[in-house]
Amino acid sequence: MDFGGGEEIAFERVGRAGVVTLTRPKALNALTHGMVKALAAALTTWATESDVAVVVVKAEGRAFSAGGDILDVYRRGKAGEHPVAFFADEYRLNTQIESYPKPYISLIDGIVMGGGVGISFHGSHRVISENALFAMPEVGIGFFPDVGGSHLLPKLPGSFGRYLALTGDRIRAGDIMASGMGTHFVPSASHPLLVEELASSGNPRAALAKFITEEPAREIDDGALHTISKLLSVDRFKEVIAGLQRAAPRDEFAQKLLDTISKRSPTSLHVTFKQIRDGEMLTMPECMQMEYRILNRMLQGHDFYEGIRAALIDKGSTPQWKPADINAVSNADVEAYFAPLGEGELRL
């Protein structure tokens with residue numbers, strides 16, 4: 001089936017399933033604009049086809065999807081062309097998935113970050129394997145956890161979503177499941193059989209019941225979870241820092257959090273904290289409109305391009321954030337990222 005996307009994404013009708021396969025394994029299945037538009041077109045078509053009972057999304061290689069094609073965004077932005085159209089279509093796709101009328105089943109077998117999270121964790125069924133590795137690492141590159149991060153992360157208990165957003169830390173299968181982000185744990189070796197069963201029956205509940213197994217234990221211990229819940233549940237980002245500083249001398253995990261956060265973009269941290277806090281009270285479409293406002297300002301700023309330079313261009317170098325001090329970011333600076341765009345608002 002050809003919905004576009006070239007050789008980067010494949011579509012099949014297998015029995016009662018519409019099956020999507022991300023086919024850029026060498027690029028860790030990073031999403032391109034063509035992939036986004038093709039997936040949206042397929043979902044639109046399959047939503048109205050009565051013989052498609054379920055949609056299954058999987059990927060080739062060791063990553064489900066490591067994010068968006070951020071290097072392309074960097075190059076275009078440095079050339080003076082801010083690629084907002086890519087993000088607008090991506091955010092529309094995220095919204096489409098969140099409200100999709102049929103079971104949307106993501107088989108997450110490997111790395112899932114950024115844009116990959118956007119096309120998987122908003123769906124009805126998030127099937128996690130032992131190889132799953134989740135992160136929203138955007139604050140480390142001067143960006144923010146977009147693609148619906150403001151809708152997904154606030155739902156996690158014990159301020160765990162704030163922890164993921166403010167640190168960019170990676171978590172594995174046990175913590176993905178325990179946080180509630182994963183809905184079913186199915187070992188990688190059973191994924192092909194699961195697809196066959198879904199295609200045959202069109203019944204996710206019955207199919208998944210045949211293959212789910214006991215999920216792995218959490219890797220983050222109870223003490224760390226208590227620290228996260230206690231110190232990240234405050235109303236202002238500066239209170240987070242103050243609380244971590246008070247706790248750090250006697251709490252090893254608080255010190256670790258403080259050390260990690262200190263390396264992130266101060267602007268991104270402040271904006272991300274407000275984004276995740278505010279998202280708790282917003283619908284998915286409202287979250288995406290908020291994120292689109294932030295995006296437009298981030299693409300016009302300094303830290304995003306500096307973060308990409310340090311991480312991906314001059315690999316391993318230390319980014320020079322502007323401002324470099326968390327305390328130098330004012331409330332007015334933060335609020336400006338959330339201001340309406342007028343005629344430029346995201347149309348869903």
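The values are calculated or read from the model by the stated rules, or taken from the named source; none is laboratory data. Note that the structure is a prediction, hence the values are computed from the model and not measured. Here the Cβ is made from the backbone with ideal geometry for all residues, glycine too, and neighbour counts use every protein chain on show. All accessible areas refer to the heavy atoms of the entire protein, side chains included, with ligands and DNA or RNA removed. Shrake-Rupley method; radii C 1.70, N 1.55, O 1.52, S 1.80 Å.
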Hits in the range 239-265 - residues which are closer than 15 Å to residue 167 by Cα and part of a helix (DSSP H, G or I): 240, 241, 244, 253, 254, 255, 256, 257, 258, 259, 260, 261
Test for residue 300: is it surrounded by fewer than 17 Cβ atoms within 10 Å (Cβ to Cβ), closer than 25 Å to residue 69 by Cα and polar (S, T, N, Q): yes
Qualifying residue in the range 50-73 (condition: touching a strand residue (DSSP E or B) at 6+ places or on another chain (Cβ under 9 Å), hydroxyl-bearing (Ser, Thr, Tyr) and outside any loop (DSSP other than H, G, I, E, B)): yes
Residue among 340, 285, 323 that alone is closer than 23 Å to residue 241 by Cβ and of a type outside the set (Gly, Ala, Ser): 323
Candidates 99, 129 - the one that is within 16 Å of residue 182 (Cα to Cα), of a type in the set (Ser, Thr, Tyr) and either modelled with pLDDT of 95 or more or more than 15 Å from the chain's Cα centre (by Cα) (or both): 129
Top-ranked residue in the range 101-137 [being among the charged types (D, E, K, R) and in contact with a Lys or Arg (Cβ under 9 Å, 6 or more places away or on another chain); ranked as nearest to residue 309 (Cα to Cα)]: 109
Members of the range 182-225 that are open to solvent by less than 30 Å² (accessible area, probe 1.4 Å), in a loop (DSSP other than H, G, I, E, B) and among the small types (Gly, Ala, Ser): 182, 202
Residue selected from the range 303-348 under the condition under 16 Å from residue 139 (Cβ atoms) and of a type in the set (Asp, Glu), by the criterion surrounded by the most Cβ atoms within 10 Å (Cβ to Cβ): 303
Test: residue in the range 111-123 that is at negative phi, open to solvent by 30 Å² or more (accessible area, probe 1.4 Å) and touching a residue at least 60 places away in the same chain (Cβ under 8 Å): no
Exclusive hit being part of a helix (DSSP H, G or I), of a type in the set (Gly, Ala, Ser) and in contact (Cβ under 8 Å) with a residue 12 or more places away in the chain, set 268, 233: 268
Pair list, Cβ under 7 Å, 6 or more apart: the range 1-21 residue under 10 Å from residue 55 (Cα atoms), other residue of a type in the set (D, E, K, R): 16/51; 19/12
